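Read the structure below first, then the notes.
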Amino acid sequence: GNACTIGDTCAGGKCVASADANCDDGNACTDDSCQPAKGCLHTANSAPCSDGSACTEGDGCKDGGCSAGASKNCNDGKPCTTDTCDAIKGCQNTNNTGGCDDGNACTNGDACSGGVCGGAPVNCSDGNVCTDDGCDKTAGCTFTANNKPCTDSNPCTVNEVCAAKICTNQAVVCNDN
C-alpha cells in the first residue's frame, strides 16, 4: 500500500518493500519527492538552471522548465570587431575592415585592419621655412614660428632671418660712390 516502494514481496507472512521508488525525473527545475498515498511528485521550483545557450545568462526555472535569462552582452567596446554570439561557442568578436576613428588628429583615412583602427599620417608641411611643422594628436597640424636663417633668393637683400613666420631681410646698399 506504499506507492514509494518497489519490488514488494511477501516475507514471513507480511508484504515487505524491496527498495524505495526512484522519483528523480532528471529535471533540475522540479523538486522530486514521494508520498506513500500518491507516489512520486515533481513540484516546479525557481532554481537557477542552464538553457543550454552560451548567449544567455541568469537562466532560471519557471513552470517546471528552464527559461532563458538575459542576452549576454558580447560588445567588447572595440570598433574594429563585429560582435556576435554563438549558442554553443558564446561571444564571438571577429575583426572587421570597416571605417573607424582612431581619435588621432594626426592621421586620416582611418580604417580597421587586424582588429586595430589606424590611418595614414597627415601631411602637415606648410612649405614655410619660417615655421616648425608638427602635429598634435588632439589639435592636429601645428606651425610654430622659428628664427632660423632663411633666403628670399633676392640678391639685393642680406641678413635674412625668420621672424613672425616670415623671412625678413635688410637691403643691400649698392652705392659704389
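Rounded to whole numbers, the Karplus 3J(HN,Hα) couplings from phi for the range 58-63 are x, 4, x, 6, 8, 6 Hz, using 6.51 cos²θ - 1.76 cosθ + 1.60 with θ = phi - 60°, and x at Gly and Pro. Simple point charges give the picture: +1 on the Cβ of Lys and Arg, -1 on the Cβ of Asp and Glu, and for the chain a dipole about the Cα centre of about 240 debye. Counting only protein heavy atoms and using a 1.4 Å probe, the accessible area of residue 6 comes to about 90 Å². Considering Cα pairs under 8 angstrom that are at least six residues apart, work out the relative contact order of the range 119-158 and quote it in whole percent. Once normalised by length, the contact order is 31 percent.
Heavy-atom accessible area, probed at 1.4 angstrom with all protein chains present, ranks 67, 113 as 113, 67, highest first. A crude spin-label estimate for the pair residue 160 and residue 14, with each label 7 Å from Cα along the Cβ direction, gives 12.4 nm. For the chain, the cysteines with no partner cysteine C-beta closer than 4.7 Å are 10, 15, 156, 174. Rolling a 1.4 Å probe over the protein heavy atoms leaves residue 129 with an accessible area of roughly 90 Å².
Loop sites here are trypsin sites (Lys or Arg not before Pro) outside DSSP states H, G, I, E and B with no more than 11 other Cβ atoms within 10 Å. The longest part of the chain free of them is 39-88.
Across the range 149-158, coupling constants 3J(HN,Hα) worked out from phi with the 6.51/-1.76/1.60 Karplus curve, θ = phi - 60°, read x, 9, 9, 9, 6, 10, x, 8, 10, 9 Hz, and Gly and Pro carry x.
Whole Å is fine, so just give me how far the alpha carbon centre of the range 25-45 lies from that of the range 132-177. The distance from the Cα centre of the range 25-45 to that of the range 132-177 comes to 94 Å.
Between residue 27 and residue 168, the modelled label-to-label distance comes to 9.4 nm, taking each label 7 Å out from Cα in the direction of the beta carbon. Per the 1.4 Å probe, what fraction of the accessible area of the range 77-177, in percent, lies on carbon and sulfur atoms? Using a 1.4 Å probe with all protein chains present, the range 77-177 comes out at 51 percent carbon and sulfur. When you restrict to C-alpha pairs under 8 Å that are six or more residues apart and normalise by the size of the chain, the relative contact order lands at 10 percent.
Residues of the range 150-171 falling in the label zone of residue 177, defined by backbone nitrogen less than 20 Å from a point 7 Å along Cα to beta-carbon, are 171. Mean-square fluctuations from a GNM of the chain, with a 10 angstrom spring cutoff on Cα atoms, peak among 109, 26, 119 at 26. How much FRET efficiency would the formula 1/(1 + (r/R0)^6) give for residue 43 and residue 116, where r is the Cβ-Cβ distance and R0 is 45 Å, rounded to 0.05? Result of the calculation: an efficiency of 0.25.
Label 7 Å along Cα→Cβ of residue 54; the range 89-106 residues with amide nitrogen under 18 Å? The answer is 89-95.
The values are calculated or read from the model by the stated rules, or taken from the named source; none is laboratory data. The structure presented is a predicted model; accordingly, all values stated were derived computationally and were not measured. Heads up, the Cβs are rebuilt from the backbone with ideal geometry, glycines too, and the neighbour counts pull from every protein chain shown. Just so you know, the surface numbers come from the protein's heavy atoms only, side chains and all, with ligands and any DNA or RNA stripped out. Shrake-Rupley method; radii C 1.70, N 1.55, O 1.52, S 1.80 Å.
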